[in-house]
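The values are calculated or read from the model by the stated rules, or taken from the named source; none is laboratory data. The structure displayed is predicted, hence computed values, not measured ones. Reconstructed Cβ throughout: ideal geometry from the backbone, glycine too, with neighbour counts over all protein chains shown.
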Amino acid sequence: MTAEKIIEQIKKDSENEIKKIIKNAEEQAKKIIKDVKIETEKEVDKILLDGKQQSENIKKILISKSNQDIKRDIMNSREKIIEKCFTKAHHELSIIKGEKYNKIIKKLIKDGMKKLGGKCTLVISRTADKTIAEELVIPIDGIIESSGGIIVKSVDGKLTLDYTFDGILKREKDIIRRKVGKILFS
């Protein structure tokens, strides 16, 4: 074999080897690209799933918060209505006059006397209370600033029963609030 043929054979073998290396490299590149695509798709799917779960969680949180806000607004509105009822009741009690008022006060005095064992003194809030006290022969022990009603005291002053309209409303507020709530909102 001549040197030219040897060089040509080496050249041919080199070209074949280069083609083989290039083909092998292209196949490896295709495989790497395919693997990367599969891995990327998996990651994208995972990210989308995580994003979907996060958005569902955020949606649930927002719905829950909205429901809580609505419930709080309803409760506040109900409370305002109940407070208006108390204001109206207080006003109505403060304008009771005449025989209706006298009847209420006499009943409160009798209840107080019964609880205190008979003898007592009164702290009054209206001039009508003075007339009733004189009628029932009960001494007056002072005057209180109130929309109506009386305070019944034991003769020794150790026991006091607050029968003022303000005192009764204050003591019974929770019970009245529940009853008004049931009437208005059930």
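So, of the residues in region 125-142 that are among the hydroxyl-bearing types (Ser, Thr, Tyr) and assigned to a helix (DSSP H, G or I), which turns out to be farthest from the chain's Cα centre (by Cα)? Give the derivation first.
Initially, region 125-142 is screened for residues among the hydroxyl-bearing types (Ser, Thr, Tyr), giving 125, 127, 131.
Pick out the ones that are also assigned to a helix (DSSP H, G or I) and you get 127, 131.
Details: 127: 45, 131: 49 Å.
It comes out as 131.
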- When you go through (1) modelled with pLDDT of 90 or more; (2) farther than 29 Å from residue 185 by Cβ one by one for residue 119, which number turns out not to apply? (1)
- Message: Please go through region 143-183 and give me each residue that is of a type outside the set (Val, Ile, Thr), within 18 Å of residue 113 (Cβ to Cβ) and crowded, with 17+ Cβ neighbours inside 10 Å, ordered by number.
- Response: 149, 153, 154, 161, 162, 163
- Given (1) under 28 Å from residue 85 (Cβ atoms); (2) acidic (Asp, Glu); (3) in a strand (DSSP E or B); (4) in contact with a Ser or Thr (Cβ under 8 Å, 6 or more places away or on another chain), number of the condition residue 145 does not satisfy: (3)
- Message: Take the residues in region 76-93 that are closer than 21 Å to residue 127 by Cα and in contact with a helix residue (DSSP H, G or I) (Cβ under 7 Å, 6 or more places away or on another chain); name whichever of them is surrounded by the fewest Cβ atoms within 10 Å (Cβ to Cβ).
- Response: 90
- Subset of region 114-142 that is buried (at least 17 other Cβ atoms within 10 Å of the Cβ) and of a type in the set (S, T, N, Q) - its residue that is farthest from residue 98 (Cα to Cα): 121
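For (1) under 30 Å from residue 175 (Cβ atoms); (2) part of a helix (DSSP H, G or I); (3) in the same structural domain as residue 127 (by TED's automatic domain parsing), each residue gets a yes or a no:
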site	(1), (2), (3)
12	no, yes, no
15	no, yes, no
43	no, yes, no
69	yes, yes, no
112	yes, yes, yes
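Of all residues in region 148-186 being part of a loop (DSSP other than H, G, I, E, B) and at pLDDT 90 or above, which is farthest from the chain's Cα centre (by Cα)?
Of region 148-186, the ones part of a loop (DSSP other than H, G, I, E, B) are 148, 155-159, 186.
Now restrict to residues that are at pLDDT 90 or above: 148, 159.
Numbers: 148: 36, 159: 40 Å.
Among those residues, the one meeting the criterion is 159.
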- Might you let me know whether region 134-147 holds any residue that is without any contact (Cβ under 8 Å) to a residue 60 or more places away in the chain, under 17 Å from residue 91 (Cα atoms) and out of contact with any helix residue (DSSP H, G or I) (no Cβ under 7 Å at 6 or more places or on another chain)? yes
